[in-house]
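*Asks:* My questions will all concern the structure given below.
The values are calculated or read from the model by the stated rules, or taken from the named source; none is laboratory data. Keep in mind the model is a prediction, meaning the values are calculated, not measured. Neighbour counts are summed over all protein chains in view; Cβ atoms, including those assigned to glycine, are modelled from backbone coordinates with ideal geometry.
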């Protein structure tokens, strides 16, 4: 399937159709930019209480409990700055974060713009450089204060002196490694962040995805291995997401091209929409499940453009059974964002949901209710989880509008039992 649907389905904020001239206008420039780090003591205390790590093919929190990252994407920071009218699209204060948390979200993915972070290629300084970086750090701190993990995503980039006004085939060798060196240095002491190396790579081979190449646009791409190396060279040890090809929609070559991470904190990311190439149960079982058996899988974007929820309901039910994380696209009520153009989860920043958003909100609430009701604190023998009273609860089997969750063990916020198939070798039955 052709993935050109992105340009047709998303509005001006998601534009990435470039002219051939822009793609070939590669001017390599060397701009000396000192690595910017958050000031000592700038992180609020609760930032130390949110943590995520990779443990074999699962994610765990700071207490070693198995978790999944369930939440939303907060778009805006990839386009507002480069368009010259802001940093966020909509509010970024504590109240707006509380609205996200009220949906029982555990994680928020923040799309970033390479040029705005590095303050290059003529971006208005009001919304770039130190101002942009400080705003990002402050927002991450607010997320942590509400108990949420922050996923930092390189979303918009461009080679040379080309302005980063959209998505590219792959990360560019000119700026992207330096972007990740700076981002990783900024957040290296924050255990509550995850680094999503590049958004929706496409139209290149898996070899290029891993090692870099000359793109169809004539400029040189940096491969995932180069980006991993850039992060690790700073001393940052947080989990890294390497997103699949086909606009993030396929993981078919992921296992045979897995980047080498000396810290063994690598995970896979996939994007799933009703209009994308992998939109059926058979595809999820044949292409995502084998990867999830080896490394954690995070569905970095999930959505449907029919203003309904049936598609995401089916995927979330499957992902629950497979131990796969997911985040809904997108928490954005800016101009032009609708349930079928974006698509978006909300009609307002207080959290009023669209039809699709209502599905995600209800599903996360049901999971949160299971966590609370069962009060899981430790694991019993195979097939059971112990409660605080010492009694045992068999694996939750729930039917209804959210689908059948066979063999899904109850979870608490940032914790809980996982399916037996998702427990790595040597792990106890639960880290709850």
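*Asks:* Could you check residue 158 against (1) within 20 Å of residue 215 (Cβ to Cβ); (2) within 19 Å of the chain's Cα centre (by Cα); (3) not in a helix (DSSP H, G or I) and say which number it fails?
*Replies:* So residue 158 meets the others, but not (2).
*Asks:* If you don't mind, there's one more thing I want to ask. Please find, among 164, 145, 150, the residue that is touching a helix residue (DSSP H, G or I) at 6+ places or on another chain (Cβ under 6 Å), buried (at least 24 other Cβ atoms within 10 Å of the Cβ), closer than 30 Å to residue 67 by Cα and modelled with pLDDT of 95 or more.
*Replies:* Working: 164 fails: closer than 30 Å to residue 67 by Cα; 145 fails: buried (at least 24 other Cβ atoms within 10 Å of the Cβ).
Result of the check over 164, 145, 150: 150.
*Asks:* Of everything in region 99-119, what is crowded, with 23+ Cβ neighbours inside 10 Å and part of a loop (DSSP other than H, G, I, E, B)? Give them in sequence order.
*Replies:* Across region 99-119, the qualifying residues are 103, 105, 106.
Yes/no per residue for (1) free of Cβ contacts under 8 Å to residues at least 60 places away in the same chain; (2) within 18 Å of residue 169 (Cβ to Cβ); (3) in contact with a strand residue (DSSP E or B) (Cβ under 6 Å, 6 or more places away or on another chain):
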{"position": "221", "(1), (2), (3)": "yes, yes, yes"}
{"position": "229", "(1), (2), (3)": "yes, no, no"}
{"position": "255", "(1), (2), (3)": "yes, no, no"}
{"position": "266", "(1), (2), (3)": "no, no, yes"}
{"position": "274", "(1), (2), (3)": "yes, no, no"}
{"position": "280", "(1), (2), (3)": "yes, no, no"}
{"position": "298", "(1), (2), (3)": "no, no, yes"}
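*Asks:* Go through region 348-382 and give me each residue that's modelled with pLDDT of 95 or more and part of a loop (DSSP other than H, G, I, E, B).
*Replies:* Applying the first criterion (modelled with pLDDT of 95 or more) to region 348-382 yields 348-368.
Result: 348, 349, 350, 351, 352, 354.
*Asks:* Where residues in region 75-89 are in a loop (DSSP other than H, G, I, E, B) and within 20 Å of the chain's Cα centre (by Cα), which of them is farthest from residue 126 (Cα to Cα)? Step through it out loud before you land on a result.
*Replies:* Within region 75-89, the first condition is being in a loop (DSSP other than H, G, I, E, B), and the residues that meet it are 75-79, 84-89.
Still in the running and within 20 Å of the chain's Cα centre (by Cα): 75-79, 87-89.
On the way: 75: 19, 76: 16, 77: 14, 78: 15, 79: 14, 87: 9, 88: 13, 89: 15 Å.
Within region 75-89, the match that is farthest from residue 126 (Cα to Cα) is 75.
*Asks:* While we're on this one: Would you mind finding the one in 125, 86 that is without any contact (Cβ under 8 Å) to a residue 40 or more places away in the chain and farther than 30 Å from residue 61 by Cα? Give the steps one after another, and end with the answer.
*Replies:* Details: 86 fails: without any contact (Cβ under 8 Å) to a residue 40 or more places away in the chain.
Result of the check over 125, 86: 125.
*Asks:* A further question follows. Just wondering, is there one or more residues in region 311-328 that are at pLDDT 65 or above, surrounded by 19 or more Cβ atoms within 10 Å (Cβ to Cβ), part of a loop (DSSP other than H, G, I, E, B) and touching a helix residue (DSSP H, G or I) at 6+ places or on another chain (Cβ under 7 Å)?
*Replies:* For region 311-328, residues at pLDDT 65 or above, surrounded by 19 or more Cβ atoms within 10 Å (Cβ to Cβ), part of a loop (DSSP other than H, G, I, E, B) and touching a helix residue (DSSP H, G or I) at 6+ places or on another chain (Cβ under 7 Å): present.
*Asks:* Looking at 96, 92, can you tell me which residue is on the phi < 0 side of the Ramachandran plot and either free of Cβ contacts under 8 Å to residues at least 24 places away in the same chain or assigned to a loop (DSSP other than H, G, I, E, B) (or both)?
*Replies:* On the way: 96 fails: either free of Cβ contacts under 8 Å to residues at least 24 places away in the same chain or assigned to a loop (DSSP other than H, G, I, E, B) (or both).
Of 96, 92, the one residue that is on the phi < 0 side of the Ramachandran plot and either free of Cβ contacts under 8 Å to residues at least 24 places away in the same chain or assigned to a loop (DSSP other than H, G, I, E, B) (or both) is 92.
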